[in-house]
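Participant: First the structure, which I've put down as structure tokens, then a few questions once you've had a look.
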Amino acid sequence: MTRKNYGLAFLQWLAKPVVWFLRQTRGVQAAFLFAFILFPLFIFIVTVALPVARNPFETAAASEIRENPESLPDSTAAEILTGRRELAKKMAALEIDQAFLLTRLELAKKDSIGLVIDLTDSTAKLEVKGVPIRHCKILRYRHSDLARRLRGQGRLHQWLAAPFILQKELATLPKAPIRIKEAPKDTIEAAESKGEDLPIEQRDAEFTLQFDRNLTLSVEQTQPPSFAGRMREMWYGLRRNFSEARDAVTALLHLQLPQHRLWIEIELPREDAKAIYRALPTRASLALRL
Amino acid sequence: MNTNPNDGTPNHRASTLSEGASQAEEKPETVRSPQVTPIIIASPVIAPPSASLAPASAPKALLLGISLGLLAALLTLWFAPVLREWMFVVLPESKFALQLRTTDLKKLQKEALLLKKRVATLQKKHAQITPRLPYLIVDTSENRIHIMKGDEQLHEGVCSTGSYVLLRSAAQQRQWMFTTPRGMFQIRGKREAPVWKKPDWAFVEEGLPIPPVNSSLRFEYGVLGEYALELGDGYLIHGTLYKRMLGMPVTHGCVRLGDEDLRLVYKNLQLGSKVFIY
């Protein structure tokens, strides 16, 4: 078959369902459309439309009474929007600084290792008792558009005001590179096993940390992954999407709406990413500034 | 199967036609003289409406719609986070407009000043947390040490930390995990010319029988280097005879250092000095 024929055959294959649909009676068409649209529409409403409309980032600040300058009379609003908006923006930045410092002080009270991510100066730090023990330069980062909107609204500091607690993690590398060794039966066997080479770990480091208050932090390494690493990365991506879909289904089964997570993606050198992932305890705390 | 009447070999050209076409060709072939090679032209054949395109009953259409709908629902579920993100981008900005706590300029300026002061106080408070005395940072992922004083690094060196080996002894029905603990520790003791009291795993690992607790077989001299600093729970910072292994995760949980690094650590860290391991 020529290339043209393949194209034609593909078009025919594509047109088949449409032709089938058009050949049906009105009643059958209606029944089909109803059945076809019902499930995706329901899923779209409960997993996309409603979680966006009732996202927790909005309700968090609802208790605070604020004045919207846009709701004021035109002449006053214009004046306010020029000078006072700038001041309000500065205040919003200061409020974020304050929230970040308070969170770090809170982190310093804990004995375990915590993570401090400052996107304004592109650094990631490991801290114990407030002492920075590893500094890493964030080479690139992206975050959800929601963060930008919350900042514009002057509400971001409320969300950042306490340490985030790690709930779930997913990674391309094991948390601890454990090797099992059976004890030798005698000195001869022990002498034989002494010559064994140490395996050098060359694993790629990519991981996702899910924190409370709907925050997801993904860390990627800057170095391009190896072939095996790419495979592992694909598997990790699938697991991550599957985990999100499973969480949504679990929420629906409990008659709750799945919540949208504010995500942040950062890029670090492999060694930094590995060190951070391995150092963080199971319920690690995070202080964040963005 | 269609065959060539000259030699009886299968006629591939004819066999590529659809079943209906080949049946149509069968009749003229028998009339033709054997000398004429049959030329078969694949003419477009209007196929009868296939069963799959025929009008279906309402229940069948419902079932088909449900199955396709379920598939679409699964896809929606899979891409829901991306769709939500797009919705946030598409949503009008006015919904997220900046709201001021108050529109009174004087009040705002006062609040801003107060905030500035509060932030400065917090910064000062946070800066005071860092120890004034020298402290040690041990990086177990890259097997390196950093002697620090405040924010200043006094020395950087190589070390060896826990191997992550899980030693299992079937005979003893016991197991040991060789990891360096993470977190904040303090120097609890400083020893010169330390003697190593070998624990049980040291004998199990060498395939030797375990001697009694205070047996002389347990004491070994000179293997821990010139100094040892105690971190508690039996973990030490000490020297080593196996210098070529420095920089690798090979220990049973202790932190091994080279002679020069050990001397510097011993000199700089006092009793109570902090050691941060990650």
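Participant: What dipole magnitude, in Debye to the nearest 20, does region A:133-194 give about its Cα centre under +1 on Lys/Arg Cβ and -1 on Asp/Glu Cβ?
Facilitator: 700
Participant: Counting other beta carbons within 10 Å of each Cβ, put A:254, A:143, A:157 in order, fewest first.
Facilitator: The most exposed by this proxy come first: A:254, A:143, A:157.
Participant: Working out 0.36 nm times the residue gap between residue B:105 and residue B:58, then minus their Cα-Cα distance, what length gain in nm do you get to one decimal?
Facilitator: 10.1 nm
Participant: Another question, if that's okay. Local charge sum around residue A:34 (other residues, Cβ-Cβ under 15 Å, Lys/Arg +1, Asp/Glu -1)?
Facilitator: +2
Participant: Going toward the positive end of the dipole of region B:198-255, with +1 on Lys and Arg Cβ and -1 on Asp and Glu Cβ, which of B:214, B:234, B:247 do you reach last?
Facilitator: B:247
Participant: Further, regarding this structure: So if we plug the beta-carbon distance of residue B:144 and residue B:217 into 1/(1 + (r/R0)^6) with R0 = 35 Å, what FRET efficiency do we get, rounded to 0.05?
Facilitator: 0.50
Participant: Antiparallel versus total DSSP beta bridges in region A:196-290: what percent is that, nearest 5?
Facilitator: Roughly 40 percent of the DSSP beta bridges within region A:196-290 come out antiparallel.
Participant: Positive end of the dipole of chain A, charges at C-beta (+1 Lys, Arg; -1 Asp, Glu), about the Cα centre: which of A:153, A:245, A:174 has its Cα farthest in that direction?
Facilitator: A:245
Participant: Follow-up. Could you compute the FRET efficiency for residue A:169 and residue A:25, with r as their C-beta to C-beta distance and R0 at 56 Å, rounded to 0.05?
Facilitator: E(calc), rounded to 0.05, equals 0.55.
Participant: If you don't mind, there's one more thing I want to ask. Give me the one-decimal nm value for the distance between modelled label points at residue B:129 and residue A:223, 7 Å along each residue's Cα-to-Cβ direction.
Facilitator: 3.1
Participant: Treat every Asp and Glu Cβ in region A:83-197 as -1 and every Lys and Arg Cβ as +1, leave all other atoms uncharged, and give the resulting dipole magnitude about the Cα centre to the nearest 20 debye.
Facilitator: 940
Participant: Moving to a separate point now. Testing the spin-label approximation: label points 7 Å from Cα along Cα→Cβ at residue A:162 and residue A:251. State their distance in nm.
Facilitator: Between residue A:162 and residue A:251, the simple spin-label model gives 2.0 nm.
Participant: While we're on this one: State, to one decimal in nm, how far the label point of residue A:87 lies from the label point of residue B:267, with both points 7 Å from Cα in the Cβ direction.
Facilitator: 5.8
Participant: What net charge do the residues around residue B:176 carry, taking every other residue with its C-beta under 9 Å from that of residue B:176, with Lys and Arg at +1 and Asp and Glu at -1?
Facilitator: Value of the local net charge: 0.
Participant: Still on this structure, please answer the following. Rounded if a/c is under 1.5, else prolate if a/b beats b/c, else oblate: with a ≥ b ≥ c from the C-alpha gyration tensor eigenvalues square-rooted, which is chain A?
Facilitator: oblate
Participant: Of A:32, A:287, A:221, which is farthest on the positive side of the dipole of chain A, counting Cα position, with +1 on Lys and Arg Cβ, -1 on Asp and Glu Cβ, and the Cα centre as origin?
Facilitator: Of the listed residues, the answer is A:32.
Participant: Just the number, please: percent antiparallel of the DSSP beta bridges in chain A, rounded to the nearest 5.
Facilitator: 70
Participant: Related question: Pop the C-beta distance of residue B:208 and residue B:233 into the FRET formula with R0 = 25 Å and round what comes out to the nearest 0.05.
Facilitator: So the FRET efficiency works out to roughly 0.55.
Participant: Right, another one. Starting from the Cα of residue A:16, draw a straight line to each of the lysines and keep only those under 26 Å, dropping any in the same chain fewer than 8 residues away.
Facilitator: Excluding near neighbours in sequence, the set is A:4, B:60.
Participant: Here is the link list: A:125/B:274; A:175/B:190; B:116/B:274; A:194/B:198; A:125/B:124; A:89/B:110. Which ones come out longer than 22 Å on Cα distance?
Facilitator: A:175/B:190; B:116/B:274
Participant: Please rank B:192, A:267, A:192, fewest neighbouring Cβ atoms within 10 Å first, as an exposure proxy.
Facilitator: Fewest-to-most Cβ neighbours within 10 Å comes out as B:192, A:192, A:267.
Participant: About the Cα centre of region A:182-290, what is the dipole size in debye to 20, counting +1 per Lys and Arg Cβ and -1 per Asp and Glu Cβ, all else neutral?
Facilitator: 640
Each reported figure results from applying straightforward, stated rules to the coordinates on display, with no laboratory input. Values in this document were obtained by computation on a predicted structure and should not be read as measured data. Neighbour counts are summed over all protein chains in view; Cβ atoms, including those assigned to glycine, are modelled from backbone coordinates with ideal geometry.
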